[in-house]
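The values are calculated or read from the model by the stated rules, or taken from the named source; none is laboratory data. Fair warning: this is a prediction, and the values are worked out from it, not measured in the lab. No Cβ is skipped: glycine too gets one built from the backbone with ideal geometry, and neighbour counts run over all protein chains shown.
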Amino acid sequence: MKSLNIIVCVKQVPSPEAPPSVVEIDSKELQVRVRGLPPEINPLDGTALEAALQLKEAHGGKITVLSVGDRLSEGVLRKVLAAGADELITVQGEELNDLDSYATALVLQRAVEKIGKYDLILTGKQSADWNSEQTGLILAELLKVPAVNSVKKIEILDEEALLTTVRSGGYDVVKAPLPLLVTVTSELGELRYVPLTALKKAREKPIKIWKIEDLQLDLSKLGKRKVVDLLKPKLERVCTLIEGRTPEEKGKNLAIKLHEALRTLSSK
Amino acid sequence: MRDILAVMEVDEETSGIAPVSLEVLGCGRLLSQGTGGTLCAALIGNSLQQQADEIAKYTDKVYVIDHILLKDFNPELYVYALEKVCERANPSYIILAHTWKGADVAPRLSARLRVPLTTDCIGLELDPTTGLLRRRKQVYGGAVVATFIYEDFPQLVTLRPKVWEKVKEARKDKGEIIHLDLKIDESLSKLKIIKRIKEENVKLADADAIVAGGRGVGGAEGFKELEKLKAVLEKLFSKVEIGASRPPVDKGWVSPSRQVGLTGEKVSPTLYIAVGISGATQHVVGMDKSKIIVAINNDPNAYIFSIADIGVVGDYKEIFPHFIKGLEEFL
């Protein structure tokens, strides 16, 4: 098997583990802000990079990480170089703020075409912020390469890949020719631990910065997502805590309380 | 140009129309009442006579593409067929269910039709003057609900299952069934599905009670304890399932099909018992529509207690035997 040219598409997202209390709504700008926590690499895109690193270890080759956005943090993205990616290309600019999936896929398409040759494009099945589950599949359509969604295992045979996909009620094993786009699920495993020394070393590695003009792309004609309202839903309920000094009392009281609640519900 | 195309799914187990498709029709019916357009359905698969008759009870037109190569779901062939239905029906609104199939097909269709897509909508509101849909969707792990519009037609959306009312009344007459003859051959797809592996068939979304475990359950062994509670609840509910938050799935304690949350299944059973689950937002938004939520957790400060109706602080292994015994007394 020849060595693999892999492109991994990575999105910078606000910390996905942020508790609801630090997620704030800027109702003037109609934007969501996460207070006090640095942005991160979208966890499933981290998984995609991990898959790429393992494929490179097995077959040799080159990993190029591609990221699109406004106000991208070098510190956050350099982590991909520290983890073992060979090259990091960002497409940056104000007009790339808060892009939706379709627009992101268009920018990625142009960037991928500018990169040129590739065997495999990997990305997360969805992002932790808008959770749209579309960018990868749209990108593949735009590039006119086949795409396999929701993959938990990747094997490369000569000019083909064998993918195990997660579906409702089981798995499919799918064969697809290269070049190919694959979106990955969490079962593939988190991005490996990156030690501080590697992070420090990665500071010397260059990052390529492209502008939208470099891609000959005009996003102004594109239909835009117009946010009309952002709301923090009230998830909280009034919780009745079960009393009891021993597990026995607690268990018994819980059964009584639950029985009561179910009866009230069915009488409604 | 105000017609609605509702994309149907056939249940692979029963070969009948998937229950979620009746929700898509319910939403479609409401929209057609709002726009005055016809309600059309797309039915794509193999041997669909019976299913087409069923759908025709609820719709003005059913577009059927029936082909042996569409028997097993292949997203490339499916989207090809759906694109042909769209060309013929020329809808202003296209609605799919946000199932694993819908999530695989809709983005491909979005690219082919060159219109933006909104996935996993929990609300849609029709603006009667512009005809635009105000789309409601959970974002930022569910911490925020965003409402937004796109001005492009057709308006393309997928609906979160179990949030929408199923279509109820059948029409007095039957809708028209239109068979589209399509040349489909293997050259249309570069993907080859070589194996389908059936795992345990978990249908979390259909359960009316769920016992779910998190990191605090401690391991695969712990889930056996949850099974014991499930066995008792089966005497009270018609369908009980074991669910999980993300950590037990990532650690391999349970199958991914049991994951509840934004990245797993979204459920709204009558009863949801969360055991050893801390309550990360992305889990909570997958189950917060449950009618009664019970939380059992060691940590009194766990967020799960803020979203539960009934809470118990303590070790579930110690509490369960007494809880089970207590429930048995009510049988």
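State yes or no: is residue A:65 buried (at least 22 other Cβ atoms within 10 Å of the Cβ) and either charged (D, E, K, R) or under 24 Å from residue B:115 (Cα atoms) (or both)?
So residue A:65 does not fit the description; no.
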- If residue A:165 satisfies every condition in (1) of a type outside the set (Lys, Arg); (2) more than 14 Å from every other protein chain (Cβ to nearest Cβ); (3) part of a strand (DSSP E or B) but one, which is the exception? (2)
- Note on the structure: Turns out the strands (runs of 3 or more DSSP E) fully within the stretch B:81-136 with at least 2 residues that are over 21 Å from residue A:139 (Cβ atoms) are B:93-97, B:123-126
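Can you spot a residue in the stretch B:268-277 that is within 11 Å of chain A (Cβ to nearest Cβ), among the β-branched types (Val, Ile, Thr), surrounded by fewer than 22 Cβ atoms within 10 Å (Cβ to Cβ) and outside any loop (DSSP other than H, G, I, E, B)?
no
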- Task: Consider only pairs whose beta carbons are under 7 Å apart and that are at least six residues apart or on different chains; among these, list those whose first residue lies in the stretch B:99-111 and is more than 7 Å from every other protein chain (Cβ to nearest Cβ) and whose second residue is assigned to a helix (DSSP H, G or I) and of a type in the set (A, V, I, L, M).
- Result: B:105/B:79; B:105/B:82; B:109/B:79; B:109/B:82
- Item | Members of the stretch B:297-309 that are within 27 Å of the chain's Cα centre (by Cα) and either more than 8 Å from chain A (Cβ to nearest Cβ) or of a type in the set (A, V, I, L, M) (or both) | B:304, B:307, B:308
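The rows are residues; the columns are (1) crowded, with 17+ Cβ neighbours inside 10 Å; (2) within 20 Å of the chain's Cα centre (by Cα); (3) not assigned by TED's automatic domain parsing to the domain that holds residue B:248.
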{"site": "B:150", "(1), (2), (3)": "yes, no, yes"}
{"site": "B:154", "(1), (2), (3)": "yes, no, yes"}
{"site": "B:158", "(1), (2), (3)": "yes, yes, yes"}
{"site": "B:175", "(1), (2), (3)": "yes, no, yes"}
{"site": "B:179", "(1), (2), (3)": "no, no, yes"}
- Query: For residue B:314, are the conditions met, namely being on the phi > 0 side of the Ramachandran plot and at the interface with another protein chain (Cβ under 7 Å from one of its Cβ atoms)?
  - Reply: yes
- When restricted to B:16, B:37, the only residue more than 24 Å from residue B:257 (Cα to Cα) and either without any contact (Cβ under 8 Å) to a residue 60 or more places away in the chain or not assigned by TED's automatic domain parsing to the domain that holds residue B:180 (or both) is B:37
- Note on the structure: Of the conditions (1) among the aliphatic types (A, V, I, L, M); (2) touching an Asp or Glu at 6+ places or on another chain (Cβ under 9 Å); (3) more than 10 Å from every other protein chain (Cβ to nearest Cβ), the single one that residue B:124 does not satisfy is (2)
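Residue-by-condition table, conditions (1) within 14 Å of chain B (Cβ to nearest Cβ); (2) small (Gly, Ala, Ser):
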{"site": "A:199", "(1), (2)": "no, no"}
{"site": "A:202", "(1), (2)": "no, yes"}
{"site": "A:207", "(1), (2)": "no, no"}
{"site": "A:222", "(1), (2)": "yes, no"}
{"site": "A:227", "(1), (2)": "yes, no"}
{"site": "A:232", "(1), (2)": "yes, no"}
{"site": "A:239", "(1), (2)": "yes, no"}
{"site": "A:242", "(1), (2)": "yes, no"}
{"site": "A:247", "(1), (2)": "yes, no"}
- Over the stretch B:105-135, the set of residues charged (D, E, K, R), out of contact with any helix residue (DSSP H, G or I) (no Cβ under 9 Å at 6 or more places or on another chain) and buried (at least 21 other Cβ atoms within 10 Å of the Cβ) is B:135
- Hey, any hits in the stretch A:5-19 for a residue that's surrounded by fewer than 20 Cβ atoms within 10 Å (Cβ to Cβ) and on the phi > 0 side of the Ramachandran plot? no
- With the condition kept exactly as written, say whether any residue in the stretch A:73-85 is modelled with pLDDT of 95 or more, in contact with a strand residue (DSSP E or B) (Cβ under 8 Å, 6 or more places away or on another chain), assigned by TED's automatic domain parsing to the domain that holds residue A:197 and more than 25 Å from residue A:211 (Cβ to Cβ). yes
- Note on the structure: Taking the stretch B:215-241 and the residues there that are touching a residue at least 12 places away in the same chain (Cβ under 8 Å) and either of a type in the set (Asp, Glu) or within 18 Å of residue A:167 (Cα to Cα) (or both), the one that is surrounded by the fewest Cβ atoms within 10 Å (Cβ to Cβ) would be B:227
- What number of residues within the stretch A:220-251 are among the hydrophobic types (A, V, I, L, M, F, W, C), part of a loop (DSSP other than H, G, I, E, B) and in contact (Cβ under 8 Å) with a residue 60 or more places away in the chain? 2
- Which of the following residues is of a type in the set (D, E, K, R) and either touching an Asp or Glu at 6+ places or on another chain (Cβ under 7 Å) or more than 30 Å from residue A:226 (Cα to Cα) (or both): A:24, A:50, A:29? A:50
- Query: Can you spot a residue in the stretch B:70-93 that is in the same structural domain as residue B:176 (by TED's automatic domain parsing), of a type outside the set (A, V, I, L, M), touching a Gly at 6+ places or on another chain (Cβ under 8 Å) and closer than 21 Å to residue B:11 by Cβ?
  - Reply: yes
- Task: Examine the stretch A:25-42 for a residue that is touching a Lys or Arg at 6+ places or on another chain (Cβ under 6 Å), assigned to a loop (DSSP other than H, G, I, E, B) and either buried (at least 21 other Cβ atoms within 10 Å of the Cβ) or free of Cβ contacts under 8 Å to residues at least 40 places away in the same chain (or both), and state whether such a residue exists.
- Result: yes
